[in-house]
Every structure is written in C-alpha cells, then in structure tokens.
Amino acid sequence: MSAEGDVRNASEKFYAALNRMGNGEKGAMSDVWSHDSAVTALHPIGSRTTGWDAVRDSFDRVAGMAADAKIALKEQFIQVHGDLAYELGVERGEFRMAGHPVTLDHRVTNIYRREAGEWKLIHHHTDISPGMLDVLRRR
C-alpha cells in the first residue's frame with residue numbers, strides 16, 4: 001500500500017475512535033495518537049492541549065458528556081512528506097453533549113507522524129464549534 005493509503009487508514013482509525021469517544025468511550029484515542037510529550041490538539045471548544053496525557057484527558061472529558069455520535073470526515077485531502085503527513089477536511093456530523101444535540105460542520109487539520117512503521121496523530125486542529133461552546137456555557 002502507498003504511504004497515502006496508509007495515512008488514509010490511520011485517518012479511518014482516528015474517526016472510528018472519535019465516534020467511540022462521542023459515544024462515551026473513554027480511552028478511545030489511545031491507539032491512534034502518538035504518546036509523545038509534544039503532541040498537540042486545538043479543540044472545537046477553543047482550548048489547546050499539549051502532551052499525550054493532556055490530549056488524552058481532554059478527549060476523555062468530552063467522552064464523559066457525549067452520546068449518539070455520528071461524525072465523518074468529508075472533503076479529505078492528504079499530503080505525505082517522508083515520515084510526516086497532513087490531512088485537511090471538514091468534520092460533519094452530530095452528537096449529544098451533556099444531553100444537548102450538537103451539529104458539527106467545521107474544518108479540520110490532522111498531522112500524522114510515522115512511528116515504528118505506523119502512522120500516529122501528533123496534532124488535531126478544528127474550527128471553533130459554537131454548538132459545543134453553547135452547551136458548555138449552559139453547564
């Protein structure tokens with residue numbers, strides 16, 4: 001398989017994990033992310049997290065409030081450069097956060113690094129989600 005195909009497979013695993021997280025599964029991201037101290041995420045609620053422990057905890061906090069997720073990546077564009085790759089697209093879908101429906105439709109950038117022959121996420125960045133922020137304000 002080509003490097004681009006391998007990254008596409010890693011992306012499919014990430015979005016499967018994102019949907020499991022969006023259905024309440026804590027720890028869903030463990031297999032798809034690098035566990036490096038320099039990984040980062042810029043979340044749709046506006047916060048930045050750095051380091052695997054913080055990134056894992058940020059996804060797990062959302063998992064604790066999430067249910068009924070159906071999230072997909074659309075308009076996928078992948079570029080591979082050696083052991084680094086990036087992916088652009090639009091995350092579309094819906095889920096329930098703290099019991100409230102949230103619709104997702106935002107741009108995303110994912111960066112992957114090849115580690116021991118496997119592509120792992122090292123950065124995830126989405127647009128701000130007004131729907132998620134609204135739910136958090138109500139809590």
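Worth a mention:
- Test set (1) closer than 30 Å to residue 2 by Cα; (2) in contact (Cβ under 8 Å) with a residue 24 or more places away in the chain; (3) among the basic types (Lys, Arg); (4) surrounded by 15 or more Cβ atoms within 10 Å (Cβ to Cβ) - residue 92 fails condition number: (2)
- None of 17, 10, 28, 41 is under 17 Å from residue 82 (Cβ atoms) and hydrophobic (A, V, I, L, M, F, W, C) except 10.
- In segment 3-36, the residues that are over 13 Å from residue 118 (Cα atoms) and polar (S, T, N, Q): 19, 23, 30
- If the condition is being in a helix (DSSP H, G or I) and either surrounded by 15 or more Cβ atoms within 10 Å (Cβ to Cβ) or without any contact (Cβ under 8 Å) to a residue 12 or more places away in the chain (or both), then segment 120-133 contributes 130, 131, 132.
- Tallying residues that are of a type in the set (A, V, I, L, M, F, W, C) and over 18 Å from residue 70 (Cβ atoms) within segment 1-28 yields 4.
- Counted residues, segment 16-32 - those being touching a residue at least 40 places away in the same chain (Cβ under 8 Å), out of contact with any helix residue (DSSP H, G or I) (no Cβ under 6 Å at 6 or more places or on another chain) and surrounded by 20 or more Cβ atoms within 10 Å (Cβ to Cβ): 2
- Among the candidates 72, 63, 67, residue that is surrounded by 18 or more Cβ atoms within 10 Å (Cβ to Cβ) and in contact (Cβ under 8 Å) with a residue 40 or more places away in the chain: 63
- Considering only residues in segment 33-71 that are hydroxyl-bearing (Ser, Thr, Tyr) and in contact with a helix residue (DSSP H, G or I) (Cβ under 9 Å, 6 or more places away or on another chain), the one that is farthest from residue 93 (Cα to Cα) turns out to be 37.
- Residue check for residue 54: of a type outside the set (D, E, K, R), without any contact (Cβ under 8 Å) to a residue 12 or more places away in the chain and surrounded by fewer than 19 Cβ atoms within 10 Å (Cβ to Cβ): yes
- Every test in (1) at positive phi; (2) in contact with a Gly (Cβ under 6 Å, 6 or more places away or on another chain); (3) in contact (Cβ under 8 Å) with a residue 40 or more places away in the chain is passed by residue 46 save one, and that test is (2).
We did not get these values from a lab; they are worked out from the coordinates using the rules stated. Small disclaimer: the values here were computed from a predicted structure and weren't measured. Using ideal geometry, Cβ is built from the backbone for each residue, glycine included, and neighbour counts are taken over all protein chains shown.
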